[in-house]
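Chemist: Take this structure, written in structure tokens, and hold onto it; I'll ask about it next.
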Amino acid sequence: MLKVFNTMTRQKETFEPITPGVVNMYVCGPTVYNYIHIGNARSAIAFDTIRRYFEYRGYQVKYISNFTDVDDKMIKQAKKLGITVPELGDRFIKAFKEDTAALNIEPATANPRATEHIPEIISFVEDLIDKGYAYPVDGDVYYRAHKFAHYGELSHQNLDELEEGASQHTNDEETARKEDPVDFALWKGAKPGEISWPSPWGAGRPGWHIECSVMSTHYLGDTFDIHGGGEDLTFPHHENEIAQSEAKTGKTFVHYWLHNGFVTVGDENEKMSKSLGNFVTVHDLLKTVDPQTLRFFMATTQYRRPIQYSQRNLDTAARNLERLQTAYNNMGYRLKDAEDGNDPKVEQETRQIIADYNDAMDDDFNVQNGVAEVHDLARLGNVYAERPVVFSGTLTFIRQTLADLLSVFGVKLAEAATLDDDRIQALIDERLAARKNRNFERSDEIREQLKNQGIILEDTPQGTRWRKGN
């Protein structure tokens with residue numbers, strides 16, 4: 001029975017989709033004014049892993065993740081680079097797709113852009129004005145937060161406290177336009193030279209929060225199963241989405257709210273963000289770090305927990321991933337001399353590991369416990385592969401299970417290079433002859449030569465194996 005931690009109720013709840021066998025989920029995507037940093041990638045990887053687990057369990061997943069392609073940051077950055085806002089959006093949407101593809105993040109069912117939904121956004125705002133939840137002022141339109149009875153429930157904050165905080169972070173000019181400091185913008189009137197669209201309130205552009213309300217309900221309906229994003233979006237972004245959407249439709253907006261933890265850096269575990277200037281972009285990181293290692297590093301920390309980014313932790317992930325790849329290769333190597341048939345006892349042990357893995361992942365996607373089961377499976381495969389007699393059916397079963405369980409984490413195990421490479425095989429044969437003749441100097445030379453070419457030799461009772469090292 002799969003359970004998820006719902007931010008709204010602050011407890012784990014049994015997951016029951018609106019439509020049996022189908023999961024509709026919306027995950028807030030990036031504002032596309034720069035390359036994504038690994039804090040952004042953490043959210044994308046966390047929810048891709050959740051999506052993959054649903055799919056592994058047999059669900060059909062409709063996964064929507066948006067691009068915010070117009071806002072203050074984009075206007076400022078486009079001006080700085082001397083290009084238009086749409087050109088800036090195109091550039092970094094392309095970069096986002098390249099970086100996430102390298103991290104083996106499945107493409108979303110749809111990636112709507114805010115600027116593609118301007119007429120719907122305007123219509124949505126008009127409805128809120130008609131219902132008394134919003135009011136226009138001098139080309140802007142604001143939402144009356146106090147009118148929505150449940151405002152603050154997702155972030156578990158008192159509206160009076162929010163009002164006090166808002167009054168301290170709003171400039172005097174904006175405060176003068178608002179009925180209440182906690183009210184937030186649905187539509188922003190354009191300043192001279194800014195990108196804008198015509199509206200009943202004058203030329204302008206949408207506020208940030210209204211975009212996601214419009215795009216999520218456009219693709220998933222008035223009520224859907226899961227809304228995800230980083231924990232920093234709980235307030236005000238997701239709180240405002242609920243207020244807007246439920247005021248318009250009169251229906252529950254989302255059944256389960258899931259939020260991922262931050263990426264931290266340094267001894268003080270400082271949150272990584274562009275505003276703090278301590279971020280590392282995925283674009284730069286992938287020049288020196290294997291994408292599979294970065295994916296494995298992030299996907300194997302439970303999504304609600306913070307991730308401490310460090311070279312040491314990356315190195316640990318690389319070693320653990322290499323052990324799993326080696327186990328996969330070991331079993332593949334033994335297939336060449338395996339006998340036909342199966343070992344029921346070992347296959348039952350494998351099925352028990354699968355059950356334990358499923359139980360771990362059913363507990364709010366507890367990937368730490370899940371990957372522990374994967375390592376147990378790799379150990380089982382290694383031990384079995386060392387037996388004098390092995391069966392092909394059992395080796396194939398363990399090996400395919402290892403690949404299937406790791407695919408949930410977005411990791412692809414590679415097939416070892418085959419021994420029909422004449423150059424490598426000739427060196428291995430020469431080394432074996434040198435060892436037989438007790439010419440250990442030459443044997444060591446060949447091992448080192450192959451190592452320098454990225455080939456690792458493993459001497460086993462069944463013969464010399466080789467694999468490509470990292």
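Each value in this text was obtained by applying a stated rule to the coordinates, not by laboratory testing. Bear in mind that the values here come from a model prediction, so they are computed numbers and not experimental data. In this analysis, Cβ positions are derived from the backbone assuming ideal geometry, glycine residues included, and neighbour counts consider all displayed protein chains.
Chemist: Return one number: the angle in degrees, 0 to 90 and rounded to the nearest 10, between the long axis of the Cα atoms of helix 367-385 and the longest principal axis of the Cα atoms of the chain.
Modeler: 10
Chemist: Ok, one more. Across 10 Å bins from 0, what is the distribution of all Cα-Cα pair distances for segment 325-470, in whole percents?
Modeler: 11, 35, 30, 18, 6, 1
Chemist: Straight-line reach only, C-alpha to C-alpha below 20 angstrom: list the lysines that K178 could link to, leaving out same-chain residues fewer than 8 apart.
Modeler: Correct list for K178: K131, K147, K188, K191.
Chemist: For segment 257-263, just list the computed ³J(HN,Hα) in residue order, Karplus coefficients 6.51, -1.76 and 1.60, θ = phi - 60°, integers in Hz, with x standing in for Gly and Pro.
Modeler: Going residue by residue, I get 9, 10, 10, 8, x, 7, 9 Hz, with x marking Gly and Pro.
Chemist: Among the DSSP beta bridges whose two residues both lie in segment 1-130, what percent are antiparallel, rounded to the nearest 5?
Modeler: 30
Chemist: Determine which lysines satisfy two conditions relative to K336: a Cα distance under 27 Å, and not lying fewer than 8 residues away in the same chain.
Modeler: K345, K412, K436, K451, K468
Chemist: Continuing with the same structure: If one takes the longest principal axis of the Cα atoms in the chain, at what angle in degrees, from 0 to 90 and to the nearest 10, does the Cα axis of helix 344-362 lie?
Modeler: Between the helix axis and the principal axis of the chain, the angle is about 20 degrees.
Chemist: Right, next: Give me the dipole magnitude in Debye, nearest 20, for segment 1-133 about the Cα centre, with unit charges on the beta carbon: positive for Lys and Arg, negative for Asp and Glu.
Modeler: 540
Chemist: Follow-up question, since we're still on this one. Report the percentage of all Cα-Cα pairs in segment 1-160 whose separation exceeds 22 Å, rounded to a whole percent.
Modeler: Of all Cα-Cα distances in segment 1-160, 60 percent exceed 22 Å.
Chemist: A follow-up question, please. For the chain, what D do you get in µm² per second when you plug the Kirkwood radius from alpha-carbon pairs into Stokes-Einstein at 10 °C and 1.306 mPa s?
Modeler: My calculation gives 63 µm²/s for D.
Chemist: Which net charge results when you count Lys and Arg as +1 and Asp and Glu as -1 among the other residues whose beta-carbon is under 10 Å from that of R465?
Modeler: The answer is 0.
Chemist: Starting from the amide H of R113, placed 1.01 Å from N in the peptide plane, find each other amide H under 5 Å away whose residue is 5 or more places distant or on another chain.
Modeler: F67
Chemist: With the cut-off at 1.5 for a/c, could you classify segment 54-128 from its C-alpha gyration tensor as rounded, prolate or oblate?
Modeler: Oblate is the answer for segment 54-128, as a/c is 1.5 or above yet b/c matches or exceeds a/b.
Chemist: Place a +1 charge on the Cβ of each Lys and Arg in segment 282-322 and a -1 charge on the Cβ of each Asp and Glu, then give the dipole magnitude about the Cα centre in debye, rounded to the nearest 20.
Modeler: The calculated dipole for segment 282-322 is roughly 200 debye.
Chemist: Expressed as cubic angstrom per residue, what is the convex hull volume of the alpha carbon set of segment 1-84?
Modeler: Dividing the Cα hull volume of segment 1-84 by its residues yields 129 Å³.
Chemist: Which links in K62/K248; K73/K97; K3/K73 stretch past 31 Å when you go from one Cα to the other?
Modeler: As for pairs spanning more than 31 Å Cα to Cα, those are K3/K73.
Chemist: So how strong a dipole does the chain carry about its Cα centre when Lys and Arg Cβ are +1 and Asp and Glu Cβ are -1, to the nearest 20 debye?
Modeler: Charge dipole, the chain, about its Cα centre: 1440 debye, nearest 20.
Chemist: Hey, what does the equivalent ellipsoid look like for segment 76-197, semi-axes from the Cα gyration tensor as sqrt of 5 times each eigenvalue, largest first, whole Å?
Modeler: They are 31, 20, 16 Å, listed largest first.
Chemist: Using helices alone, what [θ] at 222 nm do you get for the chain, with -39,500 (n - 2.57) per DSSP H run of 4 or more residues, divided over all residues and rounded to the nearest 500?
Modeler: Result for the chain: -15000 deg cm²/dmol, rounded to the nearest 500.
Chemist: Out of all DSSP beta bridges with both ends in the chain, state the antiparallel percent to the nearest 5.
Modeler: Percent antiparallel among DSSP bridges in the chain is about 50.
Chemist: Could you work out how far helix 118-130 tilts from the main Cα principal axis of the chain, as a 0 to 90 degree angle to the nearest 10?
Modeler: Between the helix axis and the principal axis of the chain, the angle is about 50 degrees.
Chemist: Lys/Arg Cβ at +1, Asp/Glu Cβ at -1, dipole of segment 356-407 taken about the Cα centre: which of T396, A378, L406 is farthest positive-ward?
Modeler: Going by the Cα projections, it comes out as T396.
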